[in-house]
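A.B. asks: Below you will find the structure I want to go over with you.
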Amino acid sequence: MKTFCGRANPTTGAIEWLEEDENYDYHQEIARSRYADMLHDKDRNVKYYQGIRAAVSRVKERGEKAIVLDIGTGTGLLSMMAASAGADFCYAVEVFKPMANAAVKIVEKNGFRDKIKVINKHSTEVTVGPDGDMHCRANILVTELFDTELIGEGALPTYEHAHKYLVEEGCEAVPHRATVYVQLVESKRMWSWNKLFPVRVEAEDGEKIIVSPSDMENCPGVPSVCDIQLNQMPSSDFTILSDVVTMFSVDFSNPVSSASTYYRVQLEPVKSGKAQIVLSWWDIDMDPAGMINCTMAPYWAKSTSDFQWRDHWMQCVYFLPNEEPVLQGETVYLTACRDAYSVWYKLQKAREGETKAGGRVESPVCRCQAHLLWNRPRFGQLNDQDRTHQYIKSLMKVLQRDSVCLCISDGSLLPVLAHYLGAKQFLKANNLEDKIKIIEARPELLTSSHLEDKKISVLIGEPFFTTSLLPWHNLYFWYARTAVTGHLTSDVTVLPQSASLHMMIVEFEDLWRIRSPCGICEGFDVQTMDDMIKNSLNFRESKEAEPHPLWEYPCKSLCDPQEVLTFDFRKTVPQHCVSTEGSVNLVRKGKSHGAVLWMEYNLAADISISTGLMQISNEKGNCEWNPHCKQAVYFFSSVIESETPSDLPSAVTYAINFDTKTGEIAMDFKL
Ligand code: SAH
């Protein structure tokens with residue numbers, strides 16, 4: 001069956017109707033899924049296996065049959081572990097049909113057909129009884145339903161239901177419990193993802209400071225968690241204000257409630273400072289005694305050296321509603337509020353009256369709109385002083401007293417900067433009412449009355465658009481520029497004047513795992529899953545590059561960065577495709593996991609900014625990436641290890657094509 005789906009093309013802006021294969025969504029979901037990452041998570045797998053063996057033994061020692069319920073079985077891994085550990089029967093529940101099908105195949109291939117029943121349902125639809133999905137309630141409950149925030153994937157309601165309807169009272173649960181930890185910190189870097197800092201502009205008539213309006217200053221922001229690879233945050237980027245403390249824990253072997261509630265802890269700051277951020281992570285004990293523990297603690301909070309990289313579970317950054325000065329040794333109270341799916345935090349100086357009956361606590365709501373318009377990296381980008389400075393320098397070069405400017409970018413501060421730098425008329429921006437006019441129209445619908453019959457002499461853009469996922473989606477600026485051509489003066493200045501696409505071959509320290517086949521996992525053959533991922537990756541769009549914020553994922557460059565395509569914004573978008581072919585020599589030994597691509601914008605002569613590589617920091621080839629942008633990663637389907645001695649340089653050939661009609665970039669690499 002084919003269906004038609006409408007969408008706005010992120011690059012060209014055109015509304016298009018795409019004919020979708022009915023399997024399309026599922027291919028995207030499998031291709032971009034975390035299953036491979038989970039199967040590569042040795043620490044997790046080993047500990048689940050130990051916990052499951054221990055639980056089966058405890059049940060057997062009581063002389064009972066071991067009946068297992070595995071909710072969210074995925075590949076069937078945890079059920080196969082249970083069956084191998086001697087469980088009498090396993091019910092493996094999986095809601096996602098393609099995965100349930102894969103689980104059936106994997107279970108069969110590994111010889112567990114008689115021991116494991118795969119049920120393709122959401123656990124809350126599962127029935128128990130002689131004619132039900134399960135013949136009886138289970139006495140062992142195995143799940144892996146956690147996300148970085150622990151409860152974001154619905155673990156609480158799922159457990160709540162399972163205890164009511166699917167498992168026996170006093171069942172053994174693997175994991176047995178989860179504990180959430182918090183630490184209070186001050187961090188200018190992380191706070192810059194949540195508040196707009198004052199912007200300094202050196203204008204002809206003295207320094208101007210752009211400050212955010214007070215409703216923005218006092219806005220509690222949005223409640224959604226910010227999850228990152230905290231291990232990539234150098235300790236110099238934050239100041240620890242409290243010890244690590246336990247915020248709350250959940251016992252999975254007893255009835256669980258998903259109702260909203262709150263938890264409060266007392267903290268003695270270990271240092272005076274500005275409390276801005278709550279860092280948080282969790283661990284799970286696979287057994288009641290807590291001997292088998294799997295932790296997400298970041299590098300400074302854990303003693304073990306056996307560090308496990310994983311991307312399916314990271315760490316959480318929570319922004320306090322306001323920054324709060326705290327004094328060393330002067331007690332403060334931290335409250336974690338949660339509903340069924342998310343957590344948010346408050347800090348109080350004194351023990352205020354307990355929150356209203358029932359522990360009901362309102363989640364923060366953004367009042368200033370900025371947190372809805374700008375996501376965390378965007379806040380960070382707007383607060384990047386160096387970047388702002390490059391724009392200011394370029395604007396000073398191009399602006400004249402009588403310039404009439406048009407800015408095309410989402411949620412941009414450029415109009416305000418340009419105004420302070422002396423542009424006479426500015427169209428589109430925030431609230432300098434008579435100087436800056438916001439036009440609520442798509443570029444192709446711009447009329448001369450919007451422009452008060454003036455012609456645009458300076459067209460500017462960062463460019464940045466909220467709809468952009470991949471670096472080249474911001475080429476929408478070029479299409480918009482083409483659409484407004486009729487409104488431009490003949491000698492219009494366009495800033496940036498051009499953009500260029502850059503490419504580099506890299507070896508990832510860890511990110512390769514998320515797209516790499518697993519083969520055998522803890523003795524179980526999961527190749528069916530590998531094949532399924534491979535098949536989905538080969539499926540149309542899934543084969544494209546994918547966006548990743550590379551500051552979180554260390555890699556080393558294997559070749560010099562290459563400029564592969566340029567886009568001249570001074571001209572309109574051409575009718576024909578823009579393409580290139582070439583080859584790069586590998587200059588370092590390493591595994592070619594993939595190519596990284598990013599855009600650089602040439603703002604004005606001699607001033608350019610990179611949304612990707614900032615520098616190669618040492619002779620080992622370690623890369624430093626723009627911390628506010630995602631780069632495009634194209635994973636090679638097979639990894640080639642090069643032993644490149646200097647006399648025999650191996651090369652990678654590439655062909656890259658930008659289709660100006662569709663705005664898509666297709667690429668092909670040969671190693
Ligand atoms: N147990 C596997 C996979 C874990 S991923 C492993 O440990 O490797 C979690 C899986 O649970 C996903 O496939 C998701 O589709 C499924 N899932 C989540 N909640 C569920 C529920 N309530 N009922 C059934 N499946 C669920």
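A.B. asks: Every residue in the range 230-248 that is surrounded by 16 or more Cβ atoms within 10 Å (Cβ to Cβ) and either within 19 Å of residue 153 (Cβ to Cβ) or of a type in the set (A, V, I, L, M) (or both), please.
C.D. replies: 230, 233, 240, 241, 244, 247, 248
A.B. asks: For residue 556, are the conditions met, namely being in contact (Cβ under 8 Å) with a residue 12 or more places away in the chain, farther than 17 Å from residue 499 by Cβ and within 28 Å of the chain's Cα centre (by Cα)?
C.D. replies: Yes: the conditions hold for residue 556.
A.B. asks: Check off (1) within 13 Å of the ligand (Cβ to nearest atom); (2) within 24 Å of residue 533 (Cβ to Cβ); (3) assigned to a loop (DSSP other than H, G, I, E, B) for residue 151 and give me the number that stays unchecked.
C.D. replies: (2)
A.B. asks: Restricting attention to the range 24-47, which residues are away from the ligand (no atom under 12 Å from the Cβ), at pLDDT below 90 and surrounded by 15 or more Cβ atoms within 10 Å (Cβ to Cβ)?
C.D. replies: 24, 27, 28, 31 - these are the residues of the range 24-47 that are away from the ligand (no atom under 12 Å from the Cβ), at pLDDT below 90 and surrounded by 15 or more Cβ atoms within 10 Å (Cβ to Cβ).
A.B. asks: The conditions are (1) among the basic types (Lys, Arg); (2) in contact with a Lys or Arg (Cβ under 8 Å, 6 or more places away or on another chain); (3) at pLDDT 95 or above, and residue 588 fails exactly one of them. Which is it?
C.D. replies: So the condition that residue 588 fails would be (3).
A.B. asks: Inspect the range 384-403 for any residue being assigned to a loop (DSSP other than H, G, I, E, B), polar (S, T, N, Q), modelled with pLDDT under 95 and within 27 Å of the chain's Cα centre (by Cα) and give the result as yes or no.
C.D. replies: Within the range 384-403, none of the residues are assigned to a loop (DSSP other than H, G, I, E, B), polar (S, T, N, Q), modelled with pLDDT under 95 and within 27 Å of the chain's Cα centre (by Cα).
Listed here are the residues, each with its yes/no results for (1) buried (at least 17 other Cβ atoms within 10 Å of the Cβ); (2) of a type in the set (S, T, N, Q); (3) touching a residue at least 12 places away in the same chain (Cβ under 8 Å).
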| residue | (1), (2), (3) |
| --- | --- |
| 75 | yes, yes, yes |
| 78 | yes, no, yes |
| 87 | yes, no, yes |
| 90 | yes, no, yes |
| 103 | yes, no, yes |
| 121 | no, no, yes |
| 149 | yes, no, yes |
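A.B. asks: Please work out if residue 450 is surrounded by fewer than 19 Cβ atoms within 10 Å (Cβ to Cβ) and either farther than 15 Å from residue 407 by Cβ or out of contact with any Gly (no Cβ under 8 Å at 6 or more places or on another chain) (or both).
C.D. replies: yes
A.B. asks: Scan the range 164-175 for residues that are crowded, with 20+ Cβ neighbours inside 10 Å and within 16 Å of the ligand (Cβ to nearest atom) and report the count.
C.D. replies: The total comes to 5.
A.B. asks: Residue 157 passes all but one of (1) away from the ligand (no atom under 11 Å from the Cβ); (2) within 28 Å of residue 317 (Cα to Cα); (3) in contact with a helix residue (DSSP H, G or I) (Cβ under 9 Å, 6 or more places away or on another chain); which number fails?
C.D. replies: Condition (1) is where residue 157 drops out.
A.B. asks: Which of the residues spanning the range 154-180 are in contact (Cβ under 8 Å) with a residue 60 or more places away in the chain, more than 29 Å from the chain's Cα centre (by Cα) and not in a strand (DSSP E or B)?
C.D. replies: Correct list: 162, 163, 164, 166.
A.B. asks: Can you report the number of residues in the range 37-62 which are part of a helix (DSSP H, G or I), out of contact with any His (no Cβ under 9 Å at 6 or more places or on another chain) and not aromatic (Phe, Trp, Tyr)?
C.D. replies: 16
A.B. asks: Hey, another quick one. Can you pull out the residues in the range 63-114 that are part of a loop (DSSP other than H, G, I, E, B), within 9 Å of the ligand (Cβ to nearest atom) and touching a helix residue (DSSP H, G or I) at 6+ places or on another chain (Cβ under 6 Å)?
C.D. replies: 73, 74, 75, 76, 94 - these are the residues of the range 63-114 that are part of a loop (DSSP other than H, G, I, E, B), within 9 Å of the ligand (Cβ to nearest atom) and touching a helix residue (DSSP H, G or I) at 6+ places or on another chain (Cβ under 6 Å).
A.B. asks: Turning to a different aspect of this structure: Residues in the range 78-129 that are farther than 20 Å from residue 162 by Cα and not basic (Lys, Arg): how many?
C.D. replies: Total satisfying the criteria: 19.
A.B. asks: Another question, if that's okay. Quick one: is residue 117 among the charged types (D, E, K, R), in contact with a strand residue (DSSP E or B) (Cβ under 7 Å, 6 or more places away or on another chain), free of Cβ contacts under 8 Å to residues at least 40 places away in the same chain and surrounded by fewer than 22 Cβ atoms within 10 Å (Cβ to Cβ)?
C.D. replies: Taking the combined requirement at face value, the residue satisfies it.
A.B. asks: Does residue 561 satisfy the criteria of being more than 30 Å from residue 30 (Cα to Cα), in contact (Cβ under 8 Å) with a residue 12 or more places away in the chain and not hydrophobic (A, V, I, L, M, F, W, C)?
C.D. replies: yes
A.B. asks: Also: How many residues does the range 48-62 hold that are buried (at least 18 other Cβ atoms within 10 Å of the Cβ) and more than 16 Å from the ligand (Cβ to nearest atom)?
C.D. replies: 3
The values are calculated or read from the model by the stated rules, or taken from the named source; none is laboratory data. Remember, it's a predicted structure, so these values are computed and weren't measured experimentally. Note that we place each Cβ from the backbone using ideal geometry, even for glycine, and neighbour counts take in every protein chain shown.
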